[in-house]
Amino acid sequence: MTFKTHIIFAESLALPPALYLYLNHTLSLEHLALYGATVAVGSLLPDLDHSRSFISKRVPFIPYLLSLFTHHRGFTHSMQGIIFIGMFLTILVLAKYLPRLLAIGFFVGYVLHIVGDAMTLAGIKNFCCKKGFYLLPKFLRFKTGSKIERFYFFLFSAILLAELSLTHPQFFKYAKELTAHVTLQDIQETLAQSIGDIKRLFFHSINFVNHSR
Ligand SMILES: [Zn+2]
């Protein structure tokens with residue numbers, strides 16, 4: 001998954017409980033925004049093990065240190081990696097270096113990154129078992145940066161926008177401003193591309209079912 005899809009995917013799954021607390025006045029708008037920001041950062045952290053990833057280009061030393069003892073989708077994408085980051089965040093919270101809400105945001109984002117990678121064709125080889133960790137059946141997995149991933153990106157963007165708009169009508173205004181200069185042609189092209197992707201996915205699944213008979 002590219003960094004944009006990781007962020008959108010993680011936010012669309014991580015925000016609903018926080019939006020619910022916000023609607024119940026248990027969480028302020030500022031805390032909601034901070035939580036959303038930490039989910040985004042957490043959803044990029046595991047790719048610090050890849051020297052050319054979006055986050056590695058912005059963080060000094062750590063990608064180099066990680067490259068000394070692990071490879072891409074190695075330790076940071078493993079069960080041990082999740083336990084390690086969970087313990088590290090717990091220590092920071094207990095030592096009062098990090099508010100609990102933000103630690104939760106980082107952790108949820110981190111775990112959702114692993115879930116996102118497990119949806120791809122490559123999957124996660126060293127997660128828990130020798131067979132690797134794959135979340136989707138073979139015919140639904142996609143290649144990082146492919147058109148099918150773009151389809152998932154649009155799908156999760158729409159889900160996220162719907163969640164935000166339902167919570168806060170003000171977001172409708174932002175969405176309108178964001179899409180103000182989108183032309184009809186852009187929408188037609190995107191739709192045509194998505195329909196093409198869905199068709200391919202459909203024929204893929206039929207082939208898969210036929211082969212497994
Ligand atoms: Zn990754």
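Please treat every number below as a calculation from the coordinates, not as lab data. Quick caveat: nothing in here was measured; it's all calculated off a predicted structure. Here the Cβ is made from the backbone with ideal geometry for all residues, glycine too, and neighbour counts use every protein chain on show.
Rounded to the nearest Hz, the phi-derived 3J(HN,Hα) couplings of region 96-101 under the Karplus curve 6.51 cos²θ - 1.76 cosθ + 1.60 (θ = phi - 60°) are 6, 8, 9, x, 4, 4, where x marks glycine and proline. The simple Förster model, with R0 at 30 Å and r as the Cβ-Cβ distance, assigns residue 64 and residue 136 a FRET efficiency of 0.35. Evaluating 6.51 cos²θ - 1.76 cosθ + 1.60 at θ = phi - 60° for every residue in region 148-164, the Karplus couplings come out as 5, 4, 4, 4, 4, 4, 5, 4, 6, 5, 5, 4, 4, 4, 5, 4, 5 Hz, glycine and proline recorded as x.
Each residue of region 86-92 was assigned a 3J(HN,Hα) from its phi angle through the Karplus expression (A = 6.51, B = -1.76, C = 1.60, θ = phi - 60°), giving x, 5, 4, 5, 4, 4, 4 Hz with x at Gly and Pro.
Below 8 Å between Cα atoms, with a sequence gap of 6+, how large is the relative contact order for region 27-177 in percent? Please list the in-between numbers first.
Values: 156 pairs, mean separation 32.5, N = 151.
Relative CO of region 27-177 lands at 22 percent.
Each residue, residue 72 and residue 154, gets one label point 7 Å from its Cα in the Cβ direction; the gap between the two is 2.6 nm.
Ranked by how many other Cβ atoms sit within 10 Å of their own Cβ, fewest first, the residues 154, 9 fall in the order 154, 9.
Label-to-label distance, residue 21 versus residue 37, with points set 7 angstrom from Cα along the beta-carbon direction: 1.7 nm.
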